[in-house]
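A.B. asks: Quick one: the structure is below, questions incoming.
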Amino acid sequence: MIRLLIAFVAGAGIGASLLHWSTGDDRYSWVWMAALPITIIGLVLVNVARSFASMAPPDAEAVEAARAAGRLAGAKVLDVRRTGTVINDVPQYDVELLVDPRDRGPYRTVVRELIDAAQMPGRLLGTVLAVVRVGEDAPDVAIVDEPAPPVRIHATPDAPLWERDPDKPVPGRRRPILPVGRKGRGVRFLVYLLIAAVGVAVPTWQQRDDVLLGVRSGGVGHGDASYLSGPGRVAEAVQRFADAAGTTTVTEVLAYDDQVWVTTPVAPGRAAYDTWWAVASNATRERPATIQPDPSEEFDLSAVDWSALPGLYEQAVEASGIPAGEITSGHIAAGWIGSDEDRAVTVRVYLSGPYGSYTLEADAQGTPIGAF
């Protein structure tokens with residue numbers, strides 16, 4: 001179960017990161033920030049649980065049933081190897097045993113145990129222990145504290161190694177929800193992949209169109225996902241702002257490759273202004289405007305043809321003479337420009353490169369009226 005939870009949490013973290021990378025929407029950033037340590041801690045717990053699970057003895061009823069069925073046997077210690085795990089200052093060992101049952105040929109198997117210094121004399125090489133094979137068709141044995149039956153002379157270290165099948169039912173042992181053996185790798189991978197996909201979908205599903213656009217474009221701010229050159233992207237961000245703020249009255253709109261900033265009154269009729277951040281899928285109030293504008297600078301979003309801005313940006317790039325690969329910064333600003341007599345809502349495209357800058361000025365409908 002913990003592995004399924006880890007797959008879901010990891011998927012949710014990937015989904016939150018994908019959403020941020022592809023759209024600029026960071027509202028779920030806390031998801032990947034939380035998912036990373038949870039996934040790491042979960043993987044550590046899985047390894048710890050795996051160590052404990054391999055040491056868990058069968059329940060007493062299963063051992064007694066196996067003993068009654070005549071599966072008590074002697075087992076000679078062939079090898080004792082440290083696993084590298086230490087639990088409560090007690091080392092963990094893999095003890096290889098040569099089991100000599102009465103109902104089948106001798107075989108070798110491995111038992112994992114915590115063995116402290118006081119117990120080590122009982123696990124010296126050549127020591128014969130009493131064990132009970134809990135399953136008729138499985139190698140799993142439980143070491144019992146009683147005199148051991150003798151190991152017959154023909155039980156040699158050349159006996160075959162009978163590897164335990166973790167997915168095979170064994171009396172007294174709990175089976176995991178998913179197969180954990182080699183044969184179950186494909187099933188496990190598919191299930192984990194499906195669970196992770198569900199996790200990815202949780203933060204991204206509502207914005208799936210924007211996410212797919214960002215993925216195709218190489219991330220927010222590139223190609224069609226850019227708020228400067230992407231068709232309809234500025235209009236989407238502006239509309240998202242209007243829906244979130246409940247107003248279309250603004251004093252300035254600044255569009256960048258990866259985001260849009262809007263300055264708007266705190267409340268209708270109040271001469272105090274906030275700065276909002278917006279992308280196509282989200283908009284939030286960020287802070288009071290650093291420079292508080294004058295109420296005379298207010299205009300309605302409908303005054304500007306936002307759909308014309310990407311084409312205007314492309315015109316500016318072409319007319320600037322700055323190679324596209326050398327443009328170091330660029331943005332579009334919409335607001336009141338000019339003196340009191342000829343003031344109008346105007347759009348300006350600002351471009352800069354290592355050797356100069358360029359500004360294209362247009363009216364609110366996107367028609368160029370000058371450059372400098």
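A.B. asks: So the check is Cβ under 6 Å with 6+ separation or different chains; which pairs have a first residue in the stretch 33-58 that's closer than 23 Å to Val200 by Cα and a second one that's at pLDDT 90 or above?
C.D. replies: These pairs meet every condition: Ala35/Val9; Ala35/Ala12; Ala35/Gly13; Ile38/Val9; Thr39/Ile6; Thr39/Val9; Thr39/Ala10; Gly42/Ile6.
A.B. asks: Which one of Leu228, Leu254 is aliphatic (A, V, I, L, M), open to solvent by less than 10 Å² (accessible area, probe 1.4 Å) and under 21 Å from Thr346 (Cβ atoms)?
C.D. replies: Numbers: Leu254 fails: open to solvent by less than 10 Å² (accessible area, probe 1.4 Å).
Matching residue, one of Leu228, Leu254: Leu228.
A.B. asks: Considering only the stretch 37-87, state which residues are hydroxyl-bearing (Ser, Thr, Tyr) and at pLDDT below 90.
C.D. replies: Residues of the stretch 37-87 hydroxyl-bearing (Ser, Thr, Tyr): 39, 51, 54, 83, 85.
Of everything in the stretch 37-87, those that are hydroxyl-bearing (Ser, Thr, Tyr) and at pLDDT below 90 turn out to be Ser51, Ser54, Thr83, Thr85.
A.B. asks: Among the candidates Thr328, Thr249, which residue alone is of a type in the set (Val, Ile, Thr) and within 38 Å of the chain's Cα centre (by Cα)?
C.D. replies: The conditions single out Thr328.
A.B. asks: Among the candidates Glu314, Glu297, Glu341, which residue alone is under 24 Å from Thr275 (Cα atoms) and either at pLDDT 90 or above or of a type outside the set (A, V, I, L, M, F, W, C) (or both)?
C.D. replies: Values: Glu314 fails: under 24 Å from Thr275 (Cα atoms); Glu341 fails: under 24 Å from Thr275 (Cα atoms).
Criteria check complete, one pass: Glu297.
A.B. asks: Here is a follow-up. Determine whether Trp336 is touching a residue at least 40 places away in the same chain (Cβ under 8 Å), surrounded by 12 or more Cβ atoms within 10 Å (Cβ to Cβ) and aromatic (Phe, Trp, Tyr). Walk me through it before giving the result.
C.D. replies: Details: touching a residue at least 40 places away in the same chain (Cβ under 8 Å): yes; surrounded by 12 or more Cβ atoms within 10 Å (Cβ to Cβ): yes; aromatic (Phe, Trp, Tyr): yes.
In short, yes.
A.B. asks: I'd like the full set of residues that are open to solvent by 60 Å² or more (accessible area, probe 1.4 Å) and touching a residue at least 60 places away in the same chain (Cβ under 8 Å), limited to the stretch 1-18.
C.D. replies: Met1, Arg3, Phe8, Ile14
A.B. asks: Here is a follow-up. Among the residues of the stretch 126-149, which ones are of a type in the set (D, E, K, R) and open to solvent by 40 Å² or more (accessible area, probe 1.4 Å)? Before the answer, list the steps.
C.D. replies: Taking the stretch 126-149 as the starting set, the residues that turn out to be of a type in the set (D, E, K, R) are 133, 136-137, 140, 145-146.
Across the stretch 126-149, the qualifying residues are Glu136, Asp137, Asp145, Glu146.
The values are calculated or read from the model by the stated rules, or taken from the named source; none is laboratory data. Everything numeric in this text was worked out from a predicted model, so none of it was measured. For neighbour counting, all protein chains shown are included, and Cβ atoms are generated from backbone atoms with ideal geometry for every residue, glycine included. Quick note on the areas: whole protein, heavy atoms, side chains included, nothing else; ligands and nucleic acids left out. Shrake-Rupley method; radii C 1.70, N 1.55, O 1.52, S 1.80 Å.
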